[in-house]
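Each remark here refers to the structure printed beneath this line.
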Amino acid sequence: ALAAAAAAGLAAALVGGAAIRRVRIDPEADRDFHYTNVERIFAVLQVCTACSVAFAHGSNDVANAIGPLAAVVNVAATGSVAQHSPVPTWVMLLGGGGIIAGLAMWGYRIIETIGRKITELTPTRGFSAELAAAATIVVASLTGMPVSTTHTLVGAVLGVGLARGIGALDLRVIGGILVSWLVTLPAGAILATFFFFFFKGLFS
């Protein structure tokens, strides 16, 4: 695993270096905006941080989703509850397929909210937010703590927005996000209880 990680890091560095060398530096552009060429470079680098967030998302959120399924599959196969359940390959593929389907069908709504509505993001700001979110989620995954990629990334975007002052944030959008966070926890608990007793009564 360590060798694979080192190889992946080296490959990413080579690809990123080649992509950055292809960025056209325009000295005239800096006259209108001093950091134009810097933003162009970070637009390329942001691809790497976006991939890092996707990796972190898979290491935590998707694991949260397929964990209960893996446990149920193990109970159905062995007839007993084990402290550690192996995760079949098809379960992991199912989780990956769910990510792709969700992104293709409704992901654009979240992309628009985080990428445009909370605060104005430039490549440097987006790079900073994604790097912070990816690092936080990966550390949480390594310690076995389930966290939300969305919550973490929204917090990171709020951080880069606050760096420019409270006026740079759309407080109405942020308020709606906070309300949704407060609603989803009890809503999930209530629906889970309902479905449990519904199917228990249906099949018992």
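Looking at F198, F203, can you tell me which residue is surrounded by 10 or more Cβ atoms within 10 Å (Cβ to Cβ) and out of contact with any helix residue (DSSP H, G or I) (no Cβ under 7 Å at 6 or more places or on another chain)?
F198
Being assigned to a helix (DSSP H, G or I) and touching a residue at least 60 places away in the same chain (Cβ under 8 Å) is the filter here, so list the residues in region 112-122 that pass it.
Once the filter is applied, which keeps residues that are assigned to a helix (DSSP H, G or I) and touching a residue at least 60 places away in the same chain (Cβ under 8 Å), region 112-122 yields only T113.
Would you call L131 within 30 Å of I166 (Cβ to Cβ), assigned to a loop (DSSP other than H, G, I, E, B) and at pLDDT 85 or above?
No; evaluated as a whole, the condition is false for this residue.
Confirm whether G98 is closer than 24 Å to I174 by Cα and either part of a helix (DSSP H, G or I) or among the acidic types (D, E) (or both).
For G98, the condition - closer than 24 Å to I174 by Cα and either part of a helix (DSSP H, G or I) or among the acidic types (D, E) (or both) - is not met.
Only one residue in R109, R164 is without any contact (Cβ under 8 Å) to a residue 40 or more places away in the chain and not hydrophobic (A, V, I, L, M, F, W, C), so which one is that?
R109
Based on this model, can you work out whether L158 counts as of a type in the set (A, V, I, L, M), under 20 Å from the mean Cα position of the chain (by Cα) and either surrounded by 10 or more Cβ atoms within 10 Å (Cβ to Cβ) or under 30 Å from I41 (Cα atoms) (or both)?
Here the answer is yes, as L158 does meet what is asked.
The values are calculated or read from the model by the stated rules, or taken from the named source; none is laboratory data. Given the structure is predicted, the values throughout are model-derived calculations rather than measurements. Glycine also receives a Cβ, built like all others from the backbone with ideal geometry; neighbour counts cover every protein chain displayed.
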